[in-house]
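All remarks here apply to the structure that follows.
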Amino acid sequence: MDFSLSPELETLRERIKQFIHDHVIPFENDPRQDSHGPHRELRDELINKARSAGLLTPHASEAMGGMGLSHIAKAVVFEEAGYSWLGPTALNIHAPDEGNIHLMEEVATPAQKERWLRPQVEGKTRSCFCMTEPAPGAGADPSLLNTTAVRDGDDYLINGLKWLITGADGADYAIIMARMEDGSATMFLSDMNRKGIRLVRNLDAMDRCFSGGHGVVEFKNLRIPATDVLGEIGKGFRYAQIRLAPARLTHCMRWLGQARRAHDLALSYVSKRVAFGKPLVEHEGVGFMIADNDMDLMTARLHIWHTAWLLDKGEKCNFESSRAKVVCSEAEWRVVDRAVQIMGGMGVTNESAVMRIFTDMRAFRIYDGPSEVHRWSMARKLAAGTTA
């Protein structure tokens, strides 16, 4: 692996870094956000700033108006954007839109791309991905999918209940995973204002960085034309892997930026705060935590870059993305947890961004597959010798 960056990528990283510092961080205390994320007005203002700076939706293909970034380039850009919890929203690279854009580019028909994808890449619309269901439905085990799709003439009727649907409130369209009559799964596209689809409520969750929060969505005889099937009938689980494997990694990239922010704040604090006759950083216990933070940040970055390098080579990387998801989510969490501990009272109040990062990041070890499920999946593949 060559870890050097091209001059063009170095320049892009500096542009992102400066943009986040000058145009995004000043909005972190803007009142146009609540426990369910940035309001539409705040998101639109940030999107407009990124558009003016030529930084909007950089991961999309050039044909769609993006920069066509490689996975390595995304690792660099997404980490810098993630330095602020509003950065991914501003650049239109936050979940679930980032993963949905990738999936739509890979699977959607030309007509579907023009109808749903292009406005999304332009920052005019948002989307959600409707797969997770309350028990006993699909969660970490997608085979438990309960939402059904039944053929009715030239249409399909969708019935079921989804929850923890990120961005559902305010989304313009949804990608819906449903079980067919033969037991296979299929993805469907639907405008969110269609009759038969309803946002029941928003869940109160620990994190509050996602536009639209996390919703409960109900489908009652939602009629979807056959032209709005995403990809081929019965290949929903296969397409889910197309979306989820890279999406796990981009989560790691964005949260690495947040972890680095927390570490930087903690390091600045302990370098200035004096206790027992000397700066906190000179106390061995605190100094060790700062050093551990640096090692965890580098561990996460190396796993991200290695998996991104493999993806750029065309490898499937399901095993590697699981490994990266576990290693990064836990390493980045340790960094933020130590930052809170190091900063004491400052770390547990909103006097510092560290508290906000702490509450936002905890869920990362659960969504896109909890650490335990990824470990279980990896162990099975290791035992069977099928990691390649």
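The values are calculated or read from the model by the stated rules, or taken from the named source; none is laboratory data. Remember, predicted model here, so these are calculated numbers, not experimental data. For neighbour counting, all protein chains shown are included, and Cβ atoms are generated from backbone atoms with ideal geometry for every residue, glycine included.
Pairs, please: C-beta under 7 Å, at least 6 apart or cross-chain, first residue touching a residue at least 40 places away in the same chain (Cβ under 8 Å) and in region 295-316, second among the polar types (S, T, N, Q) and in a helix (DSSP H, G or I)?
Correct list of pairs: Thr307/Ser321.
Restricting to region 14-44, and then to whatever is surrounded by fewer than 16 Cβ atoms within 10 Å (Cβ to Cβ) and closer than 19 Å to Ala95 by Cα, can you tell me which residue is farthest from the chain's Cα centre (by Cα)?
Glu41
If we keep just the residues of region 103-130 that are more than 20 Å from Thr227 (Cα to Cα) and in contact (Cβ under 8 Å) with a residue 40 or more places away in the chain, which is surrounded by the fewest Cβ atoms within 10 Å (Cβ to Cβ)?
Glu122
Regarding region 186-196, can at least one residue be identified that is surrounded by fewer than 18 Cβ atoms within 10 Å (Cβ to Cβ) and part of a strand (DSSP E or B)? Quick ask: steps written out before the conclusion?
Initial filter on region 186-196 (surrounded by fewer than 18 Cβ atoms within 10 Å (Cβ to Cβ)): 191, 193-196.
So of that shortlist, the ones also part of a strand (DSSP E or B) come out as 191.
There is at least one residue in region 186-196 that is surrounded by fewer than 18 Cβ atoms within 10 Å (Cβ to Cβ) and part of a strand (DSSP E or B).
Please enumerate the residues belonging to region 269-319 that are small (Gly, Ala, Ser) and farther than 30 Å from His374 by Cβ.
Hits for region 269-319 are Ser271, Ala275, Gly277, Gly285, Gly287.
Of the residues that make up region 356-372, is at least one touching a strand residue (DSSP E or B) at 6+ places or on another chain (Cβ under 8 Å) and either part of a loop (DSSP other than H, G, I, E, B) or hydroxyl-bearing (Ser, Thr, Tyr) (or both)?
The answer is yes, given that some residue of region 356-372 is touching a strand residue (DSSP E or B) at 6+ places or on another chain (Cβ under 8 Å) and either part of a loop (DSSP other than H, G, I, E, B) or hydroxyl-bearing (Ser, Thr, Tyr) (or both).
Outside the structural domain of Ala73 (by TED's automatic domain parsing), modelled with pLDDT of 95 or more and in contact with a Gly (Cβ under 9 Å, 6 or more places away or on another chain), is that true of Ser211?
Considered against the rule, which asks whether it is outside the structural domain of Ala73 (by TED's automatic domain parsing), modelled with pLDDT of 95 or more and in contact with a Gly (Cβ under 9 Å, 6 or more places away or on another chain), Ser211 comes out as yes.
Within the group Thr57, Thr11, which residue is at pLDDT 95 or above, of a type in the set (S, T, N, Q) and surrounded by 14 or more Cβ atoms within 10 Å (Cβ to Cβ)?
Thr57
Please verify whether Val348 is more than 16 Å from Trp376 (Cβ to Cβ) and over 20 Å from the mean Cα position of the chain (by Cα), treating the condition exactly as stated.
Against the criterion (more than 16 Å from Trp376 (Cβ to Cβ) and over 20 Å from the mean Cα position of the chain (by Cα)), Val348 qualifies.
Looking at Val354, Val326, Val335, which is the one that is surrounded by 18 or more Cβ atoms within 10 Å (Cβ to Cβ), within 26 Å of Ile242 (Cβ to Cβ), touching a Lys or Arg at 6+ places or on another chain (Cβ under 9 Å) and β-branched (Val, Ile, Thr)?
Working: Val354 fails: within 26 Å of Ile242 (Cβ to Cβ); Val335 fails: within 26 Å of Ile242 (Cβ to Cβ).
Every option except Val326 fails the conditions.
From the list Ala240, Ala245, Ala259, which residue is in contact with a Ser or Thr (Cβ under 8 Å, 6 or more places away or on another chain) and either assigned to a helix (DSSP H, G or I) or assigned by TED's automatic domain parsing to the domain that holds Gly170 (or both)?
Ala245
Do any residues in region 215-234 that are over 23 Å from Ala108 (Cα atoms) and assigned by TED's automatic domain parsing to the domain that holds Ala205 have Cβ atoms under 7 Å from those of residues that are of a type in the set (Asp, Glu) and at pLDDT 95 or above, where the two are at least six apart or on different chains, and which pairs are they?
Gly215/Asp169
Do you know which residues across region 368-385 are out of contact with any His (no Cβ under 8 Å at 6 or more places or on another chain) and in contact (Cβ under 8 Å) with a residue 60 or more places away in the chain?
Selection gives Gly369, Pro370, Val373, Lys381.
Return the residue satisfying two criteria in turn: it lies in region 317-330 and is under 29 Å from Ser271 (Cα atoms) and touching a residue at least 40 places away in the same chain (Cβ under 8 Å), and of such residues it is farthest from the chain's Cα centre (by Cα).
Here is the first cut: in region 317-330, the residues under 29 Å from Ser271 (Cα atoms) are 327-330.
Within this subset, residues satisfying the condition of being touching a residue at least 40 places away in the same chain (Cβ under 8 Å) are 328-330.
On the way: Cys328: 13, Ser329: 12, Glu330: 16 Å.
Per the stated criteria, the residue is Glu330.
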